[in-house]
Amino acid sequence: MGSLLLAQTVQANSTPPHTPELRSTSRSKNVYSPLQFYQVTREPALLAALRLLPGTAGESSLQWILQMPAHAVFKDMATLGEGVKAFDALSWIGPKGEHMIFINSYHQNAPPEALAALLAHEGMHRDGSNSLAEETAAWTMEATVWQQLRPTSRPSAMAAPVKKLKRNQPQSLLWRLEQLSAALNANRMEALVQQNPDYHGLSESSPGFQKN
């Protein structure tokens, strides 16, 4: 998951439907309007995920996503190219700064807590550059938000991530998040990123992200 250049822009209509369910009841001191969320996405699952981010470590990502605003949609990644068809999510930035967040359509039925963690990760990618240090920070953000939001009342959802699942299986995102959580607890996030073949060839650092 990273930042690529894309000469494409997507604009949301300015008038949202009646969406009282978007009002947040989090511990955040900031107030967000339903319109702000709706300018980012019309996907009900992603709207539910965004409203979970206030009061978490991912609120800074949320604020940047809303400020752009970035546009988030579920996407069949195969339509974007063979090299990214298995990605869980991807941020693409256009030549004029327009920002798209694509979430793999495999994850349309994932718990909102899991999608919130994924969006918090993608909200860390804010320009056309990327690096190992940036991905380490983004994965750390994702794992931290997951630990903060991880469901405690969904035993059926949490039972699956005990072995690696294929990317197109419903619980694959939960498996990913549990692996990231374990890496964070073991202080192995940097090593995990460096071992990821998707990131081979990335520089050590990028603007705003320096190697420790």
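Separation between the Gln67 and His200 pseudo-spin-labels, each 7 Å from Cα along Cα→Cβ, expressed in nm?
Output for this residue pair reads 3.7 nm.
Just grab the label-to-label distance for Leu35 and Asp127, each label 7 Å out from Cα along the Cβ direction, in nm (one decimal).
A separation of 3.1 nm, rounded to one decimal place.
Per q in 0.23, 0.27, 0.29, 0.32 Å⁻¹, report the Debye log10 I(q)/I(0) for region 40-90, using one uniform scatterer on each alpha carbon and no solvent.
Per q value, in the given order, log10 I(q)/I(0) is -0.91, -1.03, -1.08, -1.15.
Under 37 °C and 0.692 mPa s, how fast does region 27-151 diffuse according to Stokes-Einstein, given a Kirkwood radius computed over C-alpha pairs? Answer in µm²/s, whole number. Present the calculation step by step, with values, prior to reporting the outcome.
On the way: Rh = 14.5 Å.
In µm²/s, the coefficient rounds to 227.
Straight-line reach from Lys75: which aspartates and glutamates have Cα under 12 Å away, leaving out those fewer than 8 places along the same chain?
Glu43, Asp88
Please check which bits of region 176-204 a label hung off Leu80 would reach, taking the label as a point 7 Å along Cα-to-C-beta and the cut-off as backbone N under 12 Å.
none
Would you mind ranking Thr144, Thr79 by Cβ crowding within 10 Å, fewest neighbours first?
Thr79, Thr144
Read the figures in this text as sums done on the coordinates, not as results from a lab. These figures come from a predicted structure and were not determined experimentally. Glycine gets a Cβ as well: all are built from the backbone with ideal geometry, and neighbour counts include every protein chain shown.
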